[in-house]
Amino acid sequence: MKIRELSGLCPVLCLSAFVLQAQAQVQETDQIGQLQKQLKQTQERFERQQREMKEEFERVIRTQQAQIDSLTKQITHAPAPAATGASPIQPVPATAVTPEEVKELSGKVDQVVEAQKKIRPGEFNPSIGLVGETVFSYRTRGPGQTGADRAGGFDVHQRSLELNLAASVDPFAKAYVVVNAAADSATGEATLGVEEAAFQTTSLPGNLELKAGRFFGEFGRLGYIHDHELPFVNRPLALDQYLGGESQSDGLQLNWLLPIPHFVSLTLGVGDHFGDPKNNPGDRRAFTELNFWGRLSTYLELTPDWQIEAGISGLWNPKTEDRGGAQGQPDGGTLTERERRVAGLDLKVSYVPLRDNQFRSLTWGTELLCSDNRYLFDPNGSLAPSHPSPGLDGDEFSGRIGSFGVYSYVTYKWSRQWSGGFLFDWVQNAQDHHDETFAYSPYLTLALSHWNQVRLQYTHTGHNPVSGLRSDDAIYLQWAWIIGSHSHGWQQR
Amino acid sequence: MAGPVEAARIRVVATLTDVADLTRNVGGDLVEVQSLATGIEDTHGVPMKPGFIPLLNRADLLVLVGFGCEHAFLPALLEASKNPRIQYGKPAYVDCSRGISPLEVPRSTDHSEGDVHPYGNPHYLLDPVLAKVAVQNICNALVALAPEHQVEFLRHRDDYLARLDAKIIGWQEAMKPLQGAQFVSYHEHWPYFAARFGMKYSGTIELKPGIDPTPRHIEQMIAAMKAEHVPIVVREPQFPEKVPSLIAKQTGATLVKLPIMPGGVPHTETYLDMMDYIVRALVGAVPK
């Protein structure tokens, strides 16, 4: 019975189970629908809140803009507030703000934001500038006949690609680096060199300033000027002859501004070399093998438009060591430099009209250099590197050779873009004052802008018979450009 | 020989004659002000004379226009001055542009835009209302340097601002006929002035700041001026007269020579005199 009853209940149970399962599915579907409904409601609520917040923000911004504008108007129409004890500013009644006023204010705010943006990304980075200089030239003779370091005929010389970096180190000092890639005269390949890398104090007491590292030491007027900043294409012959080009040194330089109402500046320096060629220190460098230099300069204002700047300089290397080695002489002997002494006198007269000096100016610069080096004379050439057994053989003796060199130039600027001038060079060979060279160079400069300059120069170079060299003529076209940061320091003024 | 009072004066070096004059008015007898510029120079082209170095070396206060106006000469002079008190960021380095919203802040400082000023146009002192901010900056610096003279400095400031306010009312009244009048100038000296007095600045003769105009630019400017009936060409005396004169002749506009700082033309030795001159010259340039 029970089995029969149970067997009769089975279909009922199965049906019930099916109904229950269907009900559960319906309930689940209802829940999903409810959830979807809730989600939709939440979305709508969120969007409504977002819309309300946006409207509120816009209302606040409009109100604040109106207040700012009113205050701006009040400030611009009222005396400036007192530094202390100023009367409190009275509340400003709300005024109607036109869309034009809001636009104007937005423009002002944008400009301030724009100004701030410019500073932030570069904070703490050094200022960076790049200078490029290419010299196209034609010379009538080659280096074998002229002693020049570039090929005769047509020549293109990427003379420099100069990277300048400068920044403050801390509140007490700044530093700068000049890295130069110059094309090798023989191979044309660029060689990278550190021209300057120096640290300079900014807050020493007693009007002192200390510079340390590699830098162009202060001697004369143009010795420490980079090639692309010269008023003409090539460095004057006297500077090449007696300083060895740019006055580069690894050392220390102290400058003192005399504490008097008149401008007088004194510079003293010490370094391992000065210009080129460099000393060979060997195993150990003695104190006397260092180079010592100094410069005293002053200034006189003749009228507000006319000025004179004058300076005297001195360089002393008490004991030069293998600087350039034993130099062969035409008579078969050699000369070896043992002591280096150079003195200089420089003068610059400028007409810089206050009113339109960007359009007109006149500069006359002159520098006289005197060399009085001591040499080891070797009449029979036993010290020549080409000698089978180079060395002292008893015929050597010591003596001095005095020589002079001078350059003088005049540059006249007649518009913001155009200037022209004339350079005269005359120099005696430091090792043989009978060997004389002179040159004259008219030049014309077109400064398309402060950062883009083209210069055309003709140079005639002549030698006397003692030199064994031949005269030649050259045309140069120099193109110099600057990108990035570029500011003229005090020395480059 | 300096007496005790003179010896105790605050030694101020001002870069340009406008800030020098404002400093004299606030400082009175308590300050000895020397300006690097005489007034006839271009504001960006003051020659770097070695004679400036001893002045800067002994200065108690350096007052400058700011916004990079002196970028061509001041950094090198400051470096050579060996005076730590007046270096950038020090309290005695008084930048009068502090608190002023610059106009014409460039979106790019690329040199394709010429010799641009990264912080905006620095010629705000041609707006006499903004000169009041400069006066306040100078006063603040003097008070900070010599608090014992605060009362005198505040009195001088208030006296000067009262005179300046009275002048501003007069200038605004006088300039009413020039509301909306268009003009061009050689260099971009005048946006603040134009905004203050309701004039419309229609461009510069320079192609870009520091870059001379090209023939094409001059032609375009003449055409645009004719089309817009621009009645005034302003020539700052630091720039050559030839091109502004040619443009004025070709367009029928009136050529007006205006100083950009006190002393730029005769009888403009003070800031108030200079602004008087500028307003008179412009009002006189417009046909009645």
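The values are calculated or read from the model by the stated rules, or taken from the named source; none is laboratory data. Every value quoted in this text rests on a predicted model; they were computed, and no experiment measured them. Virtual Cβ from ideal backbone geometry, glycine too; neighbours counted across all protein chains shown. We work out accessible area using only protein heavy atoms, side chains counted, and drop any ligands, DNA or RNA first. Shrake-Rupley method; radii C 1.70, N 1.55, O 1.52, S 1.80 Å.
Take every Cα pair under 8 Å whose residues are at least 6 apart in sequence, average their separation, divide by the length of chain B, and the relative contact order is 17 percent.
How large is the convex hull of the Cα atoms of region A:133-205 per residue, expressed in Å³ as a whole number?
Details: hull volume 7.7 nm³, N = 73.
Per residue, the Cα convex hull of region A:133-205 comes to 106 Å³.
By its C-alpha gyration tensor, with a ≥ b ≥ c as the square roots of the eigenvalues, how is region B:54-112 shaped: rounded for a/c under 1.5, else prolate for a/b larger than b/c, else oblate? Taking the square roots of the gyration eigenvalues as a ≥ b ≥ c, region B:54-112 is oblate. Close amide H contacts of B:Ala253 (hydrogens built in the peptide plane, cut-off under 5 Å, sequence separation of 5 or more or a different chain): none are found. Solvent-accessible surface (1.4 Å probe) assigned to A:His273 amounts to roughly 10 Å². Look at the stretch B:76-86: the mean tally of other chain Cβ atoms within 10 Å of its residues' Cβ atoms is 5. What the Cβ-Cβ distance of B:Ala162 and B:Asp110 gives, at R0 = 35 Å and to the nearest 0.05, is a FRET efficiency of 0.20.
When B:Leu272, A:Leu477 are compared by accessible area at a 1.4 angstrom probe, the order from most to least is A:Leu477, B:Leu272. Within 10 Å of the Cβ of each residue in A:261-268, the mean number of Cβ atoms contributed by other protein chains is 3.
Put a dot 7 Å past the Cα of A:Ile308, heading toward its Cβ, do the same for A:Gln417, and the two dots end up 3.7 nm apart. Placing a label point 7 Å from the Cα of A:Trp364 along the Cα-to-Cβ direction, the residues of region A:396-424 with a backbone N closer than 11 Å are A:409-411.
Inverting the pair-averaged 1/r between distinct Cα atoms of chain B gives 19.8 Å as its Kirkwood hydrodynamic radius. What value does the protein assembly as shown have for Rg/Rh, both radii from Cα atoms and Rh as Kirkwood defines it? Result for the protein assembly as shown is an Rg/Rh of 1.16.
Once all protein chains are placed together, B:Val33 keeps about 20 Å² accessible to a 1.4 angstrom probe.
Per-residue SASA remark: A:Lys348, around 20 Å² accessible (1.4 Å probe; ligands, DNA and RNA not included). Among the residues of B:95-105, the average count of other protein chain beta-carbon atoms within 10 Å of the residue beta-carbon is 3.
Within a Cβ distance under 15 Å of B:Trp171, other residues only, what is the Lys/Arg minus Asp/Glu net charge?
+1
For the chain pair B and A, the interface hides roughly 4400 square angstrom of accessible area in total, found with a 1.4 Å probe.
Please say if region B:211-288 is rounded, prolate or oblate, where rounded means a/c under 1.5 for a ≥ b ≥ c the square roots of the C-alpha gyration tensor eigenvalues, and otherwise the choice is prolate for a/b larger than b/c and oblate otherwise?
Oblate, because a/c is 1.5 or more while a/b does not exceed b/c.
Expressed to the nearest 5 percent, the antiparallel share of DSSP beta bridges inside the protein assembly as shown is 90 percent. Using only Cα atoms, find the angle between the long axis of helix B:271-285 and the longest principal axis of chain B, and express it within 0 to 90 degrees, rounded to the nearest 10. Value to nearest ten degrees: 10.
Legend: residues A:Ser415, A:Ser386, A:Ser127, sorted from most to least accessible area (1.4 Å probe; ligands, DNA and RNA excluded), read A:Ser386, A:Ser127, A:Ser415.
Where does the charge balance sit around A:Gln200 when Lys and Arg score +1, Asp and Glu -1, over other residues with C-beta under 13 Å from its C-beta?
After counting each charged neighbour, the total is -1.
Among the lysines of region B:102-261, pairs that are 8 or more positions apart or on different chains and have alpha carbons within less than 20 Å of each other number 11. Packing around the peptides A:309-317, B:175-183, taken as the average count of other Cβ atoms within 10 Å per residue, puts them in this order, highest first: A:309-317, B:175-183. Here the simple spin-label model places points 7 Å from the Cα toward Cβ, and for A:Asp331 and A:Val264 these points are separated by 4.6 nm.
What the Cα atoms of region A:276-401 give is an Rg and a Dmax of 21.6, 69 Å.
If DNA, RNA and ligands are ignored and the probe is 1.4 Å, what is the ranking of A:Lys174, B:Lys82 by accessible area, most exposed first? Let's see the in-between values first.
Working: A:Lys174 55, B:Lys82 25 Å².
Ranked list, largest accessible area first: A:Lys174, B:Lys82.
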